[in-house]
Each structure stands twice: as structure tokens, then as C-alpha cells.
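Colleague: Sending over a structure as C-alpha cells; questions will come in a sec.
The values are calculated or read from the model by the stated rules, or taken from the named source; none is laboratory data. Everything quoted here is computed from the prediction, not taken from an experiment. All Cβ positions, even for glycine, are placed from backbone atoms using ideal geometry, and neighbour counts span all protein chains on display. Calculation scope for accessible area: heavy atoms of the full protein, side chains included, ligands and nucleic acids excluded. Shrake-Rupley method; radii C 1.70, N 1.55, O 1.52, S 1.80 Å.
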Amino acid sequence: MTEMMLDIRNLKVSIPTERGTLNAVRGVDLQIARGETLCLVGESGCGKSLTATSIMGLLPRYARVTTDRFDMAGQDLTGKTAAKLAKLRGRDVAMIFQDPTSALNPTLTIGRQLTEGVMRHEKLSRSAAEARAIEMLDRVGIANPAARLTQYPHGFSGGQRQRIMIASALMGRPKLLIADEPTTALDVTIQAQILTLLGELQADLGLSLLLITHDLGVVAAIATDVAVMYAGRIAERAPARDLFAAPQHPYTKGLLAAIPVPGVTPRGSALPAIPGRVPGLIGTMQGCAFRDRCAIAAPECANDPVPRIEAGQGRFVECTKAEVTA
Ligand SMILES: Nc1ncnc2c1ncn2[C@@H]1O[C@H](COP(=O)(O)OP(=O)(O)OP(=O)(O)O)[C@@H](O)[C@H]1O
Ligand SMILES: [Mg+2]
């Protein structure tokens, strides 16, 4: 049986706002097998980052999070507190953020920042932690790593800082790595290098990778599976090959319309614009959230719940009208 690194069912995240409750994540199921690279795509504001940060237990205190099931690396974390989740960070799961400049502390040396976590979590000695930091920096392609431990972040380029962030995420030897738009702050050639690096690390270390990206070229290049998110739910999930060959959800079809030939889309090509706007997520919602923008919408699309159609191994689509070929 496939070993699941992450199995989340019915994840909901809501945030109180002045205008009412913002139901930003509205019942997300995410399963990631060992060694799998799942790309999570979808328009800005659809809840990708909130999904990722709730897995890490890093949401703001005022956010309300519930799940029916939350298994990570074989442990049942359902209902666990943020403090318990924090313990797992830097061990089973690590996250890379969008902007390396804000994630590295400018006043501390690289060596200090890389070693602090494992010295605390794994009770490693300073020299053992430094040895691991050197190994990881070497792995992510930082030349002469031992000498660079004493340097501060400003001594490195943007691309190097993002490599250091990846090394830092790998320090605890995580089983699952979550990367939220890890390259958007970088220029296009460096983006390609970082993504190639992530793909290599994933293969070498047998990591599971949850990669959030706007870039469908990246998805075509490194995803084993894709989850397409729309207005707080997964509209469609499929093995990457199947999704590109035969998208089922009208929203997915819209996204893929700009890349007719899978695999040849240049990196850096963003999600294409689909006419219309994402619905507001304040308060409750009835029926399919995409129906106002959907060319094949019918009256039954306003019904709740929207049926989920299992369309083969590792594949589902939530749409009343999709012509599903299993
Ligand atoms: N701390 C917060 N307080 C209030 N609203 C928030 C907070 N974090 C996120 N939101 C709102 O929740 C919704 C989902 O946000 P999220 O950051 O998960 O989107 P996203 O899919 O990651 O978008 P992007 O592609 O722009 O990064 C958005 O409407 C956002 O404005
Ligand atoms: Mg985001």
C-alpha cells in the first residue's frame, strides 16, 4: 500500500473579519504519498497559503481551523494544538516561504540560523549541527560551505538566499517539504535553477513535496500530481499527466487553455486570466463556486453539495456537468 505522508480531510479555515466570517478554506482534502510532488494551483486568494500554513500550525491565533482527519507521517494530529504542531516542524515537515529576505534574519550568521533548530530539537552538539549545515549547503549548491557559515545573509544573492532557505528547511531531515511560491521573488533563470534543485532533492531524499505555484510550466515539469483549487476547495485533483491530457473541470480547462502542448510551456508563464471574478468568501456559499464564470453552468449547479466524481486512480472532480471519462 502507498505510504501516506499527509492525509487531511475536510480542512476548513475561517477568519473573522469586520464584514463577517471569511470562509477561506471550505473543506479541502489533501493526500500526499511518500515521494510524491503535489502541485497546488489556483488563482490568487483561493486559499492555497492558508491551506499550507494550517498544515504547519502557523496560522494567526484568530483563525479557526477544523479537520475531520489530519494524519502526518503516520501520526494522527487531529485536534492537536499549535504547540504540538510546532514540535513537528523542523522534524517531519518543513516549509519554504516565498520571500527569502524576510525569512532569514539579517543580524545572525547563516551558521547560527541553520544550526539553532536542530540543536534544540535533536539535541545535536554545535559541531554536529555545523557538520550537517555544511552538508546541506553543499547539497543545495552553495560553494565552499564551511567558510560561509560565518557570513550574514546580505553577503548572498537572492538565489543563494533561497538555496540557504531550502538548506535550512532540510536541516531536520523532513519527510514532507512544503514550498509556497518559492521562486516568485527571483528572476526567471534562477527560478528554473531552484525548481530543478527542488526536483533533485525530492528524488534523492525521497521527500514528499507540496509545491504551491502559479506557474503551469513548473507544474508540467515537476508535478507527479496536481490539485486545482478554486474558492477554498479542490475543484479537481489528478495525476499530472492525466490532468494535462484531459482536464475535466471547466475551471481546469480554462487554466490549461493557454498551454496547449504540455511540457513545452516556458517557465514563468502565469495562470491565464479567466473572465469574471472569484466569488466573495464571506458567509456561506451554495452550490458550485465557479458557476458564474462557467460556460456550461446549468440550474442544478446551484444545488448543494456539488457532487464529487471519482474519475480513476488518484483523480476526482467536483462538477455536476463535467463529462468524466474514468
Ligand atoms: N491573516 C489573514 N487575515 C484575514 N484574511 C486573510 C488572512 N490570510 C488570508 N486571508 C484571506 O483569505 C483568503 C485566502 O488567502 P490565501 O493567502 O490562502 O490565498 P492564496 O491562494 O495563497 O493567494 P495568493 O496566490 O495570492 O498567494 C484571501 O481572501 C485572503 O485575503
Ligand atoms: Mg499565497
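Colleague: Kindly list, by first and then second residue, each pair from a residue in region 131-148 that is without any contact (Cβ under 8 Å) to a residue 12 or more places away in the chain to a residue that is open to solvent by less than 50 Å² (accessible area, probe 1.4 Å), limited to pairs with Cβ atoms under 7 Å and residues at least 6 apart or on different chains.
Modeller: ASP138/PRO145
Colleague: Go over the candidates LYS87, LYS12 one by one and state the one that is more than 16 Å from ligand 2 (Cβ to nearest atom) and more than 25 Å from ILE166 (Cβ to Cβ).
Modeller: Unique residue meeting the criteria: LYS12.
Colleague: Still on this model: Looking only at residues in region 133-171 that are in a loop (DSSP other than H, G, I, E, B) and closer than 19 Å to LEU211 by Cβ, which one is nearest to ligand 1 (Cβ to nearest atom)?
Modeller: Ranking the candidates gives VAL140 first.
Colleague: Counting only residues that are in contact with a strand residue (DSSP E or B) (Cβ under 8 Å, 6 or more places away or on another chain) and either more than 17 Å from SER44 (Cβ to Cβ) or not in a strand (DSSP E or B) (or both), how many does region 180-191 have?
Modeller: So the answer is 2.
Colleague: Give me the residue from region 294-312 that is open to solvent by less than 70 Å² (accessible area, probe 1.4 Å) and in contact with a helix residue (DSSP H, G or I) (Cβ under 8 Å, 6 or more places away or on another chain) and, out of that set, nearest to PRO239 (Cα to Cα).
Modeller: GLY312
Colleague: Continuing with the same structure: Select from region 172-185 the residues that are more than 16 Å from ligand 1 (Cβ to nearest atom) and either modelled with pLDDT under 80 or surrounded by fewer than 21 Cβ atoms within 10 Å (Cβ to Cβ) (or both) and write down the one among them that is farthest from GLN202 (Cα to Cα).
Modeller: Selected residue: GLY172.
Colleague: Only residues that are within 16 Å of ligand 1 (Cβ to nearest atom) and part of a helix (DSSP H, G or I): list them for region 192-230, please.
Modeller: Across region 192-230, the qualifying residues are LEU216, VAL218, VAL219.
Colleague: Can I ask one more? Quickly run through region 112-127 and pick out the residues that are within 14 Å of ARG173 (Cβ to Cβ), open to solvent by 40 Å² or more (accessible area, probe 1.4 Å) and outside any loop (DSSP other than H, G, I, E, B).
Modeller: HIS121
Colleague: In addition: Please determine, by comparing only the residues of region 45-75 that are within 16 Å of ligand 2 (Cβ to nearest atom) and assigned to a loop (DSSP other than H, G, I, E, B), which one is nearest to ARG91 (Cα to Cα).
Modeller: Within region 45-75, the match that is nearest to ARG91 (Cα to Cα) is LEU58.
Colleague: Let me ask something else. Any chance region 249-261 includes a residue that's more than 29 Å from THR53 (Cα to Cα), modelled with pLDDT under 90 and surrounded by 13 or more Cβ atoms within 10 Å (Cβ to Cβ)?
Modeller: yes
Colleague: If VAL28 satisfies every condition in (1) over 23 Å from ALA235 (Cα atoms); (2) surrounded by 19 or more Cβ atoms within 10 Å (Cβ to Cβ) but one, which is the exception?
Modeller: (1)
Colleague: Got at least one residue in region 12-30 being within 16 Å of LEU210 (Cβ to Cβ), within 11 Å of ligand 1 (Cβ to nearest atom) and in a helix (DSSP H, G or I)?
Modeller: So far as region 12-30 goes, no, none of its residues is within 16 Å of LEU210 (Cβ to Cβ), within 11 Å of ligand 1 (Cβ to nearest atom) and in a helix (DSSP H, G or I).
Colleague: Just wondering, is there one or more residues in region 149-158 that are closer than 25 Å to CYS46 by Cα, free of Cβ contacts under 8 Å to residues at least 60 places away in the same chain, in contact with an Asp or Glu (Cβ under 9 Å, 6 or more places away or on another chain) and open to solvent by less than 70 Å² (accessible area, probe 1.4 Å)?
Modeller: No: region 149-158 contains no residue that is closer than 25 Å to CYS46 by Cα, free of Cβ contacts under 8 Å to residues at least 60 places away in the same chain, in contact with an Asp or Glu (Cβ under 9 Å, 6 or more places away or on another chain) and open to solvent by less than 70 Å² (accessible area, probe 1.4 Å).
Results for (1) within 25 Å of ASP7 (Cα to Cα); (2) modelled with pLDDT under 90; (3) within 16 Å of ligand 2 (Cβ to nearest atom), shown as yes or no for each residue.
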| site | (1), (2), (3) |
| --- | --- |
| PHE156 | no, no, no |
| ARG161 | no, no, no |
| THR189 | no, yes, no |
| HIS214 | yes, yes, yes |
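Colleague: With the requirement that a residue be buried (at least 17 other Cβ atoms within 10 Å of the Cβ) and either among the charged types (D, E, K, R) or in contact with a Phe, Trp or Tyr (Cβ under 6 Å, 6 or more places away or on another chain) (or both), what does region 47-69 give you?
Modeller: Result: LYS48, single match.
Colleague: Can you tell me which residue in region 33-44 is surrounded by the most Cβ atoms within 10 Å (Cβ to Cβ), limited to those that are modelled with pLDDT of 90 or more and in a loop (DSSP other than H, G, I, E, B)?
Modeller: GLY42
Colleague: Looking at region 130-148 only, could you name the residues that are buried (at least 18 other Cβ atoms within 10 Å of the Cβ), more than 21 Å from GLN202 (Cβ to Cβ) and among the aliphatic types (A, V, I, L, M)?
Modeller: Passing the criteria: only ILE134.
Colleague: Is it the case that THR53 is away from ligand 1 (no atom under 11 Å from the Cβ), out of contact with any Pro (no Cβ under 6 Å at 6 or more places or on another chain) and hydroxyl-bearing (Ser, Thr, Tyr)?
Modeller: No; evaluated as a whole, the condition is false for this residue.
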